[in-house]
Amino acid sequence: MKTDILQSTVSMAHEKEKKKLYAEEDISKLAVIKSNDTIAMKYMMCVAAASVAEGATYPLDLTKTRLQIQGEMASGGGNAKYRGMFRTAMGIAKEEGLLHLWRGMLPALYRHAIYTGFRMSAYEEIRNQLSKKDKDGFSLWKKVVAGMMAGGIGQLMASPTDLIKTQIQMEGRRRLMGEPPRVDGMVDAFRKIVKQGGVTGLWRGCWPNVQRAALVNLGDLSTYDSVKSSILDNTTLEDNSVTHCLSSGCAGLVGAIMGTPADVVKARIMNQATDEYGRGLVYKSSADCFMQTVRGEGFLALYKGFLPCWLRMAPWSLTFWLSFEQIRKASGATPF
């Protein structure tokens, strides 16, 4: 009898100790999650995921920009031969060198350090604040507004890096056509832009850029968030790579449809020649570029480069969201 009581006491003490250990383990896990859910940590995770996605898909961005610009009738490029996405990429690799498919990538990475880091962090913080007291407090229209605001403001901050990137991307084509080079690298492009138009010249073409970013994030952020929530709520799928792939695929398609017209206008304004004061010689404004493009080439010209834009955005979105979710999981942070 005494032996049974003693064994029972030891067993109870052992169970209490196990529960204590489990509780301590849960608290430690919670502490890790809490520490990795800070805005600073999320920002770094966003930038890391964006860098992976940019490196993997950058040649598609270069090809898309070349296609959008080489048909500019207003700049005298009306007789340019459209070769299509794959032939353009092969032509760049053959005529300029394989590594030139990554020409201008450094400012692109700087851009994402500002743009993607801000837009993702801002969107998630807005969502968390609105959903804190009410689970349904972040409805679709709020997602749309939050996505557009986060994307627009982020792009406004990062616009100088996009201007530099666009000019560097076109240098290979200019040199092959026998035209004198305008810029020689990122630092040289920065200096010449500031010299011509002052510090404000770094924001030349920023408004179509901001409009594009707002529309793209309407498609990307709000679509990904909404589709992922719908899949988890209405199907048996779990929060895993399959769900992330489906959500990012929808986000990339909607983002391309919404953003391509603004992307065409942005690329043309940023690539146009400027006078000594940094003013464009071809287009007076985004609206002027829009009207000249439609009048001279038709409305569908606004969707020039849509296929490479979508084929660029879809794998970028897929790579980014998969990387982002996996980085968060590996670091112990909560899923997006």
*With label points built 7 Å along Cα→Cβ from the Cα atoms of W102 and Q326, find their separation and express it in nm.*
1.9
_Simple spin-label estimate for D239 and V294 in nanometres, 7 Å along Cα-Cβ_ = 4.4
_Could you give each residue of segment 238-247 its phi-based ³J(HN,Hα) in whole Hz, using Karplus coefficients 6.51, -1.76, 1.60 with θ = phi - 60°, and x for Gly or Pro?_
9, 7, 9, 5, 5, 4, 5, 5, 4, 5
_Hz values of 3J(HN,Hα) by residue in segment 37-54 - Karplus curve (6.51, -1.76, 1.60), Gly and Pro given as x_ = 9, 6, 4, 5, 5, 4, 4, 5, 5, 4, 5, 5, 5, 5, 5, 4, 5, 5
*asked:* If you count only protein heavy atoms with a 1.4 Å probe, what accessible area per residue comes out for segment 87-161, rounded to a whole Å²?
replied: 52
*Across segment 321-335, in residue order, what do the Karplus-derived ³J(HN,Hα) couplings come to in whole Hz, using 6.51 cos²θ - 1.76 cosθ + 1.60 with θ = phi - 60° and x for Gly and Pro?*
5, 5, 4, 4, 5, 6, 5, 5, 5, 5, 8, x, 7, 6, x
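Output the pairs from K195/K284; K64/K143; K228/K304; K94/K266; K165/K284; K42/K142 with a Cα-Cα distance over 24 Å in this structure; if there are none, say none. All intermediate terms of the calculation are to be shown ahead of the outcome.
Values: K195/K284 20 Å; K64/K143 28 Å; K228/K304 30 Å; K94/K266 27 Å; K165/K284 21 Å; K42/K142 21 Å.
Beyond 24 Å: K64/K143; K228/K304; K94/K266.
Starting from the Kirkwood radius over alpha-carbon pairs of segment 216-256, derive D by Stokes-Einstein at 25 °C in a medium of 0.890 mPa s and give it in µm² s⁻¹.
Details: Rh = 9.8 Å.
The calculation lands on 249 µm²/s.
The values are calculated or read from the model by the stated rules, or taken from the named source; none is laboratory data. Predicted, not measured: the structure shown is a model, and the values here were computed from it. Because the Cβ atoms are built from the backbone with ideal geometry, glycine has one as well, and the counts that use them run over all protein chains shown. Surface accessibility is based on the protein's heavy atoms, side chains included, excluding ligands, DNA and RNA. Shrake-Rupley method; radii C 1.70, N 1.55, O 1.52, S 1.80 Å.
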